[in-house]
Amino acid sequence: MAPAKKKHASSQPCVIPGGFTVLPLQFSSDSAAQHKVYVKEHRVRAEKSSHRPLDRTLFVLNIPPYCSQAVVRELFSQFGSVQSVELGDHPGSFQESGPKLSKFFKPAEKKGFKVGYVVFHNSSSLSAAKSHPHNVPLVVCTEQRAVKTGVQKWIQQYTDSFIQPDKLQQIVNSFMEDYDKRKEEEAEQQRKEAEQQQEDEEGWVKVTRGAKGAKARPHSEAANKRTLQKEMRKKKRKELMNFYTWQHKNTQKEHIAELRKKFEEDKQRIALLRAQRKFRPY
C-alpha cells in the first residue's frame, strides 16, 4: 500500500510560498529538460479594469521567450475556454493609452522572460489550472502546434518583417480616418465652447450647466482671446489720456496698487474655500 500512497501524493499540485502553483513546461514530448512557470489567481484590490475580472484571471510568471501569446493561449486552453491573453515585461497595465497602432509602427519587443494574464470564460477553468499535478508537464511544441526555434525562427521573423504595399496602405488609411475623426470631434467641441462663451450686444456671457460629472471649464481659448483684445483697446484709450510722464507714472502706481489689492482678496477667497472644503474618502 505504500507505493500506491506515494503515487497518489505525486499527482497533487505543487504550491510554493506566496500561493503560486508550479506548472512544469516541456518543450517537446521527447525533451528531458523542463521549465517551471508559476500561476496564481489574480487578486488586486486596486484593479478596476473590466478586462481582468478577479474571479476568472490567472496571473502567470516566468513565461519563456519561445512562448508567444498564441502558444500561451493554446497551453491554457486545455483547462477551459480562454477569453484573452496579455503578455508583458513586468506586472501592471499593458493597455495602450493612445490610439492603437499596427505592429509595423511599434518598437521591437524585448526578448526575455515575461509575465502574463490569462482570462478564462469560466471560473472553473481557473481552479483546474491551479490544481494541475506537478508531475504532468505541459508540452509546448506538438505536431498540431509547431514552435520554431533557432535559425528557423530567425528566418520566419525576417520574412514576417516584410509587408505588402497594398496592406500597408490599408493600415495607414485606417489610421488616418480615425485621426481625422478625432480632429473633427475636437473641432466640434471647441465650436460648442466658443458658442457658450460668446458675448451678447451688452457684453454679457451666457453660462450654461454642463453634463453631469463633466469637469468645469470656465475659460476657453476664444474667450481668452476676446478678453485680451478688450484689454488692448482699454490700453490704447488710456495712452491718449496719459500724455504727460507724471500722469503715466501715477496711473502705473494706481494699477499696481489695484493688482495688489485684488491679489490679497484672491488669497483670502482661496483660504476660505480651502477651509470650507470637506473631503470624506470613506
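Summary table below
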read-out	value
Subset of the stretch 126-142 (residues that are open to solvent by less than 60 Å² (accessible area, probe 1.4 Å) and touching a strand residue (DSSP E or B) at 6+ places or on another chain (Cβ under 7 Å))	126, 129, 132, 137, 138, 139, 140
Leading residue by the ranking (least open to solvent (accessible area, probe 1.4 Å)) among those in the stretch 143-174 that are touching a residue at least 60 places away in the same chain (Cβ under 8 Å) and β-branched (Val, Ile, Thr)	147
Test set (1) surrounded by 14 or more Cβ atoms within 10 Å (Cβ to Cβ); (2) modelled with pLDDT of 80 or more - residue 94 fails condition number	(2)
Any chance residue 39 is under 26 Å from residue 156 (Cβ atoms), modelled with pLDDT of 85 or more and not aromatic (Phe, Trp, Tyr)	no
Some residue of the stretch 59-80 being among the charged types (D, E, K, R) and in a helix (DSSP H, G or I)	yes
Number of positions in the stretch 175-195 that are open to solvent by 80 Å² or more (accessible area, probe 1.4 Å) and among the hydrophobic types (A, V, I, L, M, F, W, C)	1
Selection count where residues are at pLDDT 85 or above and polar (S, T, N, Q), scope the stretch 160-179	4
Within the stretch 1-36, tally of residues that are surrounded by 11 or more Cβ atoms within 10 Å (Cβ to Cβ) and modelled with pLDDT under 70	1
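The values are calculated or read from the model by the stated rules, or taken from the named source; none is laboratory data. Nothing here was measured: the structure is a model prediction, and the numbers come from that model. Note: ideal-geometry Cβ built from the backbone for every residue, glycine included; neighbour counts use all protein chains shown. The protein model used for the area step is the full one, side chains on, heavy atoms only, and it has no ligands, DNA or RNA in it. Shrake-Rupley method; radii C 1.70, N 1.55, O 1.52, S 1.80 Å.
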